[in-house]
Amino acid sequence: MTEMNGHAEFEQLLLLIDASAPTRATRSLRRHVAACWKCRTRLEELEETVREFARYHEKVVLPNLPPAPQAWPDLRRRMQEADQSSQMFGLWTRVSSYFSMPAPLARRLLLGILVVGCCALAFTIATRKKPAESPAVKPAAPVSRAVSPASPLEHISKIVPALPKLDKPSLADSEVQVFGVLHEIEADLGDPVEVSRTASGEIKVVGTGVSAARQEEIRGAVRAIPNVNTEWHDSPVRPESRLRNAKSVSLEAARNPFEGILQPVAPDWESFSNRVLDESDAILARAHALRTLEEHFPDQRRARLAPEDQNTLDQILSAHFIAFGSHVRTLGAILAPVFPSRPEPGQAHPDMLAAAQRVDRVVSIIFGGAATTETPSQVLADLSQAAADLNAAVEAKR
Amino acid sequence: MDTRFLKLASVGEFANEARSGKLKVTLQELVAATYEELRDDVFRYLILIGVGPDEAQELCQEAFLRLYAALRKGQQIDNTRAWVFTVARNCGFSARASQATLAAFDTAVEEQLCSPSPSPEKVLLDRERMLRLHRAVSSLSHQQRQCLHLRVEGFRYREIAEILGVGSSTVGEFLQRAITRLRKELYD
């Protein structure tokens, strides 16, 4: 509700009908719309507009498009033709045919010289004295540098894979630093900000729909880190990475059926719902932050980081994990009176984000008014089990 | 071959299996099934961006042949539908001579919507509403119209962005302006 008069903006309403994710913003917006005649009317107009366009597309546009002028041909024949033509010019075919034909002696001699030349070149590279390492480059400790007196090719295979290991830490350093400073200003907790690295090694911090003040804060935080650029997109559209698996939410202005069912344990429904939804949001934010770090720094890459960077990363990870566990416990305590009976012991889901999303989905149905085809008792049982599974996932990871 | 699975999963996921012979279908069969499933959608899209019917039919096949070539080379394609539409759009824009097809389509629709008919009152009201909507859609920019048509075909913002070669946020802007315009036509 950013309009001065306290009503939802057009873009926010469009986000509700189009983006379909039960985020914190859309939940509070949905609650507002359910209670506000003006916003509900505007939302219905928007939904009707979208429906009308869909109808226009189906009834007017599609029937008036010309049909395909001819019957559709079978594509298999053209695919076979493509196969044949590519085989004719395929490198392997040409090489094979070259060796199978009766080649003149001179041509075979030329090939032999070429092979010997390649071997000689490989030997020269392998036995060349290695230049002294630059003091600026940290030695890769776990890799043995001893040159074996074995064959030159074996020697090449030992030194070639080691080369990228000398270059990687400098890039990873900057990326860890970026995550570190974003963590300090809590920009890794639900802000639509993504960190990525381009092919040229530049680190990009891309934000979508971030307020000007927050942009400035993030820009200031990463300014001192070399090779980092920021990019901002102003849009009402939330990044889809968070929305990808979200289900559609239909707006129901009617009273939430769970409000009556849970009245004895939650007499102040609004306040109770907000507490639950806030905890679920916080859990999801931490789970996403943990997932992002896992994706950016898989074990193999972490092993190549300098010790201080590993330490920074460990600190960020443990901060998120501790907070994640704390929010899971808090949510469990809030929800305990809601559960119809003592929940069965949960199953530790290996994917904490999936477990958190499952809880959030059920919580959105009960406390956010998201649509479902299940009966209230099924939904409550789902919540009980999902919460127990999430708790088990935290305990297993601990 | 049952092509229903194509709606559920990406052809790219099956392509590796087909190439390695683990699936009992060949890559050609897989692409042929995709072609049968999607060719009408791709054809309609090409017409909507202004390509003539003959050329649209040829370009449609071309897009699927490129899909076959890409999968055969081992290219990973996560979203086959969006990929084919992207290729079709690129081919379509290279081939499109003018907006003549679109203009002809618009005129034909308008004539049909305006033609008097002894239909019941409700049909007349519907027709009036559709005509207003049609005029509003016609007044949108080419990009806005494409976004609307792709959205109604079920593409998500990111997929539309991929097809049109713009950012997701730009797609959001286009759609927002387009729906604002349509709503104004219908309600103001």
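Some points to look at:
- Here the contact order of segment A:250-398, divided by its residue count and restricted to Cα pairs under 8 Å and six or more residues apart, works out to 35 percent.
- Shielding by partners for peptide A:72-82, expressed as the average number of C-beta atoms from other protein chains within 10 Å of each residue's C-beta, is 6.
- Less than 5 angstrom separates the built amide H of A:T230 from those of A:V205, all sequence-distant by 5 or more or on a different chain.
Taken together, the values in this text are just the output of simple stated rules run on the coordinates, not laboratory data. Small disclaimer: the values here were computed from a predicted structure and weren't measured. Here the Cβ is made from the backbone with ideal geometry for all residues, glycine too, and neighbour counts use every protein chain on show.
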